[in-house]
Amino acid sequence: MTGDGKRRRSAVPASRASRLLRFGLMSGELALSAAAATARQFSTGKRLDLAAAILTPGNAGLLARRLATLRGPAMKVGQMLSLQSEEIIPPEFRNALSMLRSQGYAMPDSQLRRVLGREYGKGWERRFARFDMEPAAAASIGQIHRARTHGGRELALKVQFPGVARSVDSDVNNLASLLRRLDFLPVTLDIDSIAAEAKRQLHLETDYQGEARNLERYAKLVADTPDVVVPRIHRSLTTRRILAMDWMDGDPLESLASEAVPQATRNAIARNLQSLMFRELFEFRFMQTDPNIANYLYLPATQQIGLLDLGSVGEFPPEFTDRYRRVCRALLADDTEGMRAAATEIGYIRADDPPDRVQGIIEIIRLVCEPLSHRGPYDFAGSGMMGRVRDLGLSVAMKQGLQSPPPETIFLHRKLLGTFLICSRLRARVNVHALIERHL
């Protein structure tokens, strides 16, 4: 937000040519920065370290700023990279990219009016008793506006940035090319498979009529869950590029991280998020896979969690969830052989992996699943788990080598990690062990 209470405005580059040009300029800036860092290494007599020359906080800040103005799939993939790379990207680089999870430029009013006119037709203003031109929020794919129908219904309209749906494939391809140049990383990335899965999910996220169906389906799944609510859809005002849903008043989860909020309240919210995540995986087999803290509200009047975004979802076949159920059972039983067998079925362990690599992968799984195996309330913020996972992952990668996880697990990992980070942000203490046992 700017000092006058309005969001920063920046026109979204909508054509493929303009987006390609932005990518080209960004690559050039990164290359020049890396060249300068390499020259400094030579001048001081240091051994050439290409990784250190590229993965600098300055380059990460540059990348984040450029992706924030591009918006769309490029910014979304940058957000995913900031969350998914605990074992791959240096902490300083990842932390700089994390600004993409909160950074949001809005469209200029002229561009917004063109989008609304294209979707609703000439005289679109007459559809509403009130329409707030100042967005209530702006993210990677679109921005939110508050409106009121002539019948008095308060709505949140998610208006998609122009051109982002058409740019999914090209944006992901451009970012994949950048990742291919990072061949000095200690983890072997299956770039093609990761890119294909990212494209599949991002095409779903840019289809707002599909998201409307997801919201309606999810509302039925949680109908017996009094702690969770999703907004109703306004069908006549929903198009492929505009999603119309009920406006929900509540407190951002970020605001509940304050010590002024009772510990019991923070614990209850985190417990509901953890419980919901397990139900999504093992019971619904239908999961919201974008656990950005901004996608949730806390409704103090009813003590409910409001889930605002179902653009990114995963639907899992029974055999997929059964494999995770088996690995959890083996973990809680301290059955190393059972963990190895289940991890092999999932694809974390490959048939030709040497024993020391297999052991390293099992150690990583044990550490990542620490909240599940811990007896009693688990202190998310005080555990220091993320740092320990990073250190162990890098140690295993450097000594034994690691392959990237199966592509079909990418968005599940995003959900698991993002939910952990929210609970950590809330400084919650939850008996996760008791929650997972119900599903095993």
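Under 6 Å between Cβ atoms, which residue pairs at least 6 apart in sequence (or on different chains) link something in the range 233-262 that is closer than 23 Å to residue 419 by Cβ with a partner that is among the β-branched types (Val, Ile, Thr) and at pLDDT 95 or above?
245/233
State whether one or more residues within the range 391-399 are basic (Lys, Arg), within 28 Å of residue 344 (Cβ to Cβ) and surrounded by fewer than 17 Cβ atoms within 10 Å (Cβ to Cβ).
Taking every residue of the range 391-399 in turn, at least one turns out to be basic (Lys, Arg), within 28 Å of residue 344 (Cβ to Cβ) and surrounded by fewer than 17 Cβ atoms within 10 Å (Cβ to Cβ).
Can you name the number of the only condition in (1) out of contact with any Phe, Trp or Tyr (no Cβ under 7 Å at 6 or more places or on another chain); (2) of a type in the set (A, V, I, L, M, F, W, C); (3) at pLDDT 95 or above; (4) under 30 Å from residue 141 (Cα atoms) that residue 307 fails?
Status for residue 307: all satisfied but (1).
When the residues of the range 354-382 are narrowed to those that are in a loop (DSSP other than H, G, I, E, B) and within 22 Å of the chain's Cα centre (by Cα), which ends up surrounded by the most Cβ atoms within 10 Å (Cβ to Cβ)?
Across the range 354-382, the extreme among qualifying residues is 380.
Which of (1) hydrophobic (A, V, I, L, M, F, W, C); (2) at pLDDT 95 or above; (3) outside any helix (DSSP H, G or I) does residue 277 not meet, given it meets every other one?
Condition (3) is where residue 277 drops out.
Could you check, for the range 296-308, whether at least one of its residues is assigned to a helix (DSSP H, G or I) and touching a residue at least 24 places away in the same chain (Cβ under 8 Å)?
No.
Within the range 208-267, restricting attention to residues that are acidic (Asp, Glu) and in a loop (DSSP other than H, G, I, E, B), which residue is nearest to residue 147 (Cα to Cα)?
Among those that are acidic (Asp, Glu) and in a loop (DSSP other than H, G, I, E, B), it is 249.
Being touching a residue at least 24 places away in the same chain (Cβ under 8 Å) and assigned by TED's automatic domain parsing to the domain that holds residue 403 narrows it down to one residue among 349, 364; which is it?
Only one candidate qualifies: 364.
With (1) surrounded by 15 or more Cβ atoms within 10 Å (Cβ to Cβ); (2) assigned to a helix (DSSP H, G or I); (3) not acidic (Asp, Glu) as the list, and residue 387 as the residue in question, which single condition is left unmet?
(1) is the only condition that residue 387 fails.
Failed condition for residue 350, given (1) crowded, with 18+ Cβ neighbours inside 10 Å; (2) modelled with pLDDT under 95, with all others met?
(1)
Give me the pairs, please: first residue somewhere in the range 211-226 and outside the structural domain of residue 290 (by TED's automatic domain parsing), second residue anywhere and modelled with pLDDT under 95 and of a type in the set (A, V, I, L, M), beta-carbon distance under 6 Å, and either six or more positions apart or on two chains.
211/310; 214/310; 214/313; 215/310; 218/310
Kindly indicate the residue of the range 134-156 that is under 28 Å from residue 202 (Cα atoms) and modelled with pLDDT of 95 or more and also farthest from the chain's Cα centre (by Cα) among those meeting that condition.
That would be 147.
Name the single residue, out of those in the range 404-432 being assigned to a loop (DSSP other than H, G, I, E, B) and modelled with pLDDT of 90 or more, that is surrounded by the fewest Cβ atoms within 10 Å (Cβ to Cβ).
Selected residue: 431.
May I ask you to verify whether residue 383 is assigned by TED's automatic domain parsing to the domain that holds residue 281, over 23 Å from residue 314 (Cβ atoms) and of a type in the set (S, T, N, Q)?
For residue 383, the condition - assigned by TED's automatic domain parsing to the domain that holds residue 281, over 23 Å from residue 314 (Cβ atoms) and of a type in the set (S, T, N, Q) - is met.
The values are calculated or read from the model by the stated rules, or taken from the named source; none is laboratory data. What you see is a predicted model; the values in this text were computed from it and never measured. Cβ: placed from backbone, ideal geometry, glycine included. Neighbour counts: every protein chain shown.
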